[in-house]
Amino acid sequence: MTQPATGYVASSDRYDQFAYRPVGRSGLKLPPLSLGLWHNFGDNTPLERQREILRASFDLGITHFDLANNYGTPYGSAESNFGRILKEDFQAHRDELIISTKAGWDMWPGPYGQGGGSRKYVLASLDQSLRRMGLDYVDIFYSHRFDPETPLEETASALATAVQQGKALYVGISAYSPEQTLEMEAVLRRWNIPLLIHQPSYSILKREIETGLFEAVEKIGAGMICFSPLQQGLLTNRYLQGIPADSRVGRGTRFLRPEQVSDVVVKKAAALNEIAQARGQSLAQLAIAWVLRDPRMTSAIIGASSAAQVRENLGALKQLSFTKEELAAIDRIAPGPA
């Protein structure tokens, strides 16, 4: 095995940490926690910190790194930085990794780069992502959002082409409704391309997918992997005593605004924290365990600004079961959809 440029040697016990979970009825397995590079992997984060997070994740058994074309500041920088670290640290481990990326939101100027599901945008975006990461293919390529202005058949044909060209091993979708999910699976089947996985937003505080999406993915044999299980940090201890200056809200971000850290949300988080403490968990660990309680949820995508956060979040896997009383208490604090 070629020695990595940076001298990184992966931990020899990295596959002894937890059981890997099947993705629907496919032959693929994912770790119960996957690392998302949405935040903290752009040019505004030191490269060595990014390297530390990625190394710690892999050493702890996290084999799935989730990206998108427009992740990072500026857009594309997360893929570029990941590509550099992949080449320097993980090239010898490429076949041990599941690397995913997505296309759907605005990315480059002009009418063809504003996102959506057209063949022009989707396939051009994939080619750009592969160049940034220095890859011949990604393991999973997603349509990042449903595009009401493009026929679903056109988006499906672009995903199928990505597989046929050998640029993606599997395809998935994100933020599609149950009905759109069933339709996408049916159209992809015309090309004998299975719909592998759906990636929705899901947390104790955001439960809309409980009205039909679980049933839809189960019906078609797909897996599910949720993002934002900690609701952008609201389901951690960060905001229980106010808004810290060094927090995501304190620094200013369009993804989480001060008005979202309302008294109602903080009271819910504090009540959930009491349940977590009684279980011997942090609030973040409780929130992660909760989204993984349903076996149809293959994996949860965590973000991390440090290796320590990765380690803490993985602690959720020590206690994934809930009593009926605990689930009822959580439902009283944060009810699901009617």
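The values are calculated or read from the model by the stated rules, or taken from the named source; none is laboratory data. Since this is a predicted model, take the numbers as computed values, not measurements. Here Cβ is always computed from backbone atoms with ideal geometry, including for glycine, and neighbour counts include all displayed protein chains. Ligands, DNA and RNA are excluded from the accessible area calculation, which covers all protein heavy atoms including side chains. Shrake-Rupley method; radii C 1.70, N 1.55, O 1.52, S 1.80 Å.
Extension gain for Trp108-Lys29 works out to 25.1 nm (0.36 nm per residue, less the C-alpha to C-alpha distance). Accessible surface ranking for Lys29, Lys324, 1.4 angstrom probe, highest first: Lys324, Lys29. Taking amide H as placed 1.01 Å from N in the peptide plane, Ile197 has its amide H under 5 Å from the amide H of Ile173, Gly223, each at least 5 places away in sequence or on another chain. Applied to the range 166-171, the Karplus parametrisation 6.51 cos²θ - 1.76 cosθ + 1.60 on θ = phi - 60° returns per-residue 3J(HN,Hα) values of x, 8, 8, 7, 9, 10 Hz, with x for Gly and Pro. Annotation for His93 and Ser321: the two label points, set 7 Å from Cα along the Cα-Cβ direction, are 3.2 nm apart. Once Rg and the Kirkwood radius are both taken over the C-alpha atoms of the range 152-247, their ratio Rg/Rh works out to 1.13. Estimated from helical segments only, the mean residue ellipticity of the chain at 222 nm is -10500 deg cm²/dmol, where each DSSP H run of four or more residues counts as -39500 (n - 2.57). For the range 30-44, backbone phi angles converted through the Karplus equation (6.51, -1.76, 1.60; θ = phi - 60°) give residue-by-residue couplings of 10, x, x, 10, 10, 9, x, 10, 4, 10, 6, 10, x, 6, 8 Hz, Gly and Pro being listed as x.
With the highest mean first, a sort of the peptides 159-166, 191-198, 148-155 on other beta-carbon atoms found within 10 angstrom per residue produces 191-198, 159-166, 148-155.
Summarising the strand pairing of the chain, around 10 percent of its internal DSSP beta bridges are antiparallel. Its relative contact order, with pairs defined as Cα atoms under 8 Å and 6+ residues apart, puts the range 181-234 at 44 percent. Spin-label pair Glu149-Glu210: with each label point 7 Å from Cα along the Cα-Cβ axis, the two points sit 3.5 nm from one another. Near the amide H of Ser34, within less than 5 Å, lie the amide hydrogens of Ala300, Ile301, Ile302, all on another chain or at least 5 residues away, with H placed in the peptide plane. Under 21 Å of direct C-alpha separation, and excluding same-chain neighbours fewer than eight residues apart, Lys102 reaches these lysines: Lys29, Lys87, Lys120, Lys167. The heavy atoms of Asp331 offer some 60 square angstrom of accessible surface to a 1.4 angstrom probe. Tally the DSSP beta bridges in the range 110-217 and give the antiparallel ones as a percent, rounded to 5. In the range 110-217, DSSP labels about 10 percent of beta bridges as antiparallel.
A probe of 1.4 angstrom, applied to the heavy atoms of all protein chains, finds Asp43 with accessible area near 100 square angstrom. At full extension, Asn192 and Ala270 could sit 23.2 nm farther apart than now, given 0.36 nm per residue minus the alpha carbon distance. Starting from the amide H of Ile140, placed 1.01 Å from N in the peptide plane, find each other amide H under 5 Å away whose residue is 5 or more places distant or on another chain. Amide H neighbours of Ile140, under 5 Å, 5+ apart: Ile99, Ser100, Thr101, Leu169, Tyr170. Here the convex hull built on the C-alpha positions of the chain has a volume of 139 cubic angstrom per residue.
Working from Cα pairs under 8 Å separated by at least six residues, relative contact order for the chain is 18 percent.
Only protein heavy atoms count here; on that basis, with a 1.4 Å probe, Tyr112 has an accessible area of about 130 Å².
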